[in-house]
Amino acid sequence: MEKRRPLIAGNWKMHKTSAEAADFVRRFLPLVSGLRDRDIVLAPAFPALEAVAAALAGSAVALAAQDAFWETEGAFTGEVSPRMLAAAGCRYVILGHSERRQFFGETDETVRRKVAAVLAAGLIPIVCVGEREEERERGQTFSILDKQLRDGLKDSFTADAGRLVLAYEPVWAIGTGRTATAAQAQEAHAFLRNRLAELGTPAFAAGVRILYGGSVKPENTAELMGMPDVDGALVGGASLQAESFARIVAAAQPGPRKGTAIEP
Ligand code: 13P
């Protein structure tokens with residue numbers, strides 16, 4: 001079975017002007033230039049995309065957007081289409097982040113439409129799912145993940161597995177310093193992968209990369225990455241400094257067991 005290549009993505013959220021973003025890239029690229037066995041992705045805010053694309057030219061580091069609308073063009077003030085993002089140099093688009101769900105009315109239905117549109121534009125969605133603290137306390141973690149996965153990816157279980165990335169981000173771990181334990185992350189990732197096998201095919205599930213996000217730091221990356229179903233990281237705060245993000249990328253070693261994680 002094909003191995004899943006580690007993917008480490010920095011989600012800068014609403015940080016960095018284009019000048020600050022380009023400065024980051026100049027510091028960051030020399031620190032990761034030797035790490036060719038993993039995918040590295042930077043997701044700046046929209047106004048910095050083109051400056052980061054220019055600064056990344058010729059490197060193996062890829063560009064992501066933090067959201068996209070589902071229409072290609074039209075009277076949708078304030079929105080940005082997948083086609084525009086592709087033209088700006090993006091290869092990935094983060095969708096359904098919990099902050100968009102919490103503050104901007106994102107639902108599983110809007111995620112579903114966006115995922116389909118992003119795939120149709122030839123871009124790779126990084127689809128975020130995750131339970132809130134009270135949902136975990138009520139024992140609803142798996143039912144929440146199941147619904148977000150089923151409804152958000154409804155049209156996409158026949159997609160090429162290599163063109164779809166999931167991110168498990170427990171909301172209680174985002175920006176709080178409270179990382180999920182490696183065992184908690186593995187349990188959720190294994191659940192998601194088994195559901196992907198049921199909703200798609202075992203081969204599809206085996207090929208989809210599932211990132212962990214929520215207070216990832218240089219100190220906890222290797223342990224999380226040591227889990228058989230953790231294929232990478234979606235990093236917020238610790239991706240804002242070149243040195244700390246480079247340490248995370250360096251710690252995200254490809255694991256020997258990746259690609260063999262499907263339970264019969
Ligand atoms: P932190 O790494 O700051 O907890 O953020 C995680 C996140 O939301 C990445 O998308």
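What to note about this one:
- From the options Gly236, Gly162, Gly207, residue that is within 12 Å of the ligand (Cβ to nearest atom) and either of a type outside the set (S, T, N, Q) or more than 30 Å from Ala250 (Cβ to Cβ) (or both): Gly236
- Unmet requirement for Gly162, which otherwise passes all of (1) open to solvent by 10 Å² or more (accessible area, probe 1.4 Å); (2) more than 26 Å from Pro30 (Cβ to Cβ); (3) touching a Pro at 6+ places or on another chain (Cβ under 9 Å): (3)
- Hey, Arg101 open to solvent by 20 Å² or more (accessible area, probe 1.4 Å), within 16 Å of the ligand (Cβ to nearest atom), of a type outside the set (Ser, Thr, Tyr) and not in a loop (DSSP other than H, G, I, E, B) or not: yes
- Residue check for Glu109: part of a loop (DSSP other than H, G, I, E, B), modelled with pLDDT of 95 or more and away from the ligand (no atom under 13 Å from the Cβ): no
- Here the range 1-18 is the region considered, the condition is being closer than 17 Å to Glu50 by Cβ and buried (at least 20 other Cβ atoms within 10 Å of the Cβ), and the residue that is nearest to the ligand (Cβ to nearest atom) is Trp12.
- Scanning the range 19-33 for residues that are open to solvent by 50 Å² or more (accessible area, probe 1.4 Å) and closer than 14 Å to Leu49 by Cβ yields Ala19, Glu20.
- Taking each residue of the range 83-98 that is without any contact (Cβ under 8 Å) to a residue 60 or more places away in the chain and surrounded by fewer than 24 Cβ atoms within 10 Å (Cβ to Cβ) and looking for partners that are assigned to a helix (DSSP H, G or I) and of a type in the set (A, V, I, L, M) with beta-carbon atoms closer than 6 Å, six or more apart or interchain, yields Ala88/Leu49; Gly89/Ala53.
- The numbered conditions (1) among the polar types (S, T, N, Q); (2) closer than 25 Å to Ala62 by Cα; (3) surrounded by fewer than 16 Cβ atoms within 10 Å (Cβ to Cβ) are all true for Gln140 except (2).
- When restricted to residues that are open to solvent by 50 Å² or more (accessible area, probe 1.4 Å) and either at pLDDT below 95 or within 16 Å of the ligand (Cβ to nearest atom) (or both), the range 179-197 contains 2.
- Of the numbered criteria (1) open to solvent by 50 Å² or more (accessible area, probe 1.4 Å); (2) closer than 24 Å to Val41 by Cα; (3) touching a Phe, Trp or Tyr at 6+ places or on another chain (Cβ under 8 Å), the one Val129 fails is (1).
- Residue in the range 26-44 that is within 21 Å of Ser215 (Cβ to Cβ), in contact with a Pro (Cβ under 9 Å, 6 or more places away or on another chain), in a loop (DSSP other than H, G, I, E, B) and not aliphatic (A, V, I, L, M) present: yes
- Cβ-Cβ under 7 Å pairs, at least 6 apart or on other chains, the range 235-250 side more than 16 Å from Arg38 (Cα to Cα) and of a type outside the set (A, V, I, L, M, F, W, C), far side within 10 Å of the ligand (Cβ to nearest atom) and assigned to a helix (DSSP H, G or I): Ser244/Ala238
The values are calculated or read from the model by the stated rules, or taken from the named source; none is laboratory data. Remember, predicted model here, so these are calculated numbers, not experimental data. Please note: Cβ atoms are built from the backbone with ideal geometry, for glycine as well, and neighbour counts cover all protein chains shown. Areas reflect the complete protein model, heavy atoms only, side chains present, ligands, DNA and RNA absent. Shrake-Rupley method; radii C 1.70, N 1.55, O 1.52, S 1.80 Å.
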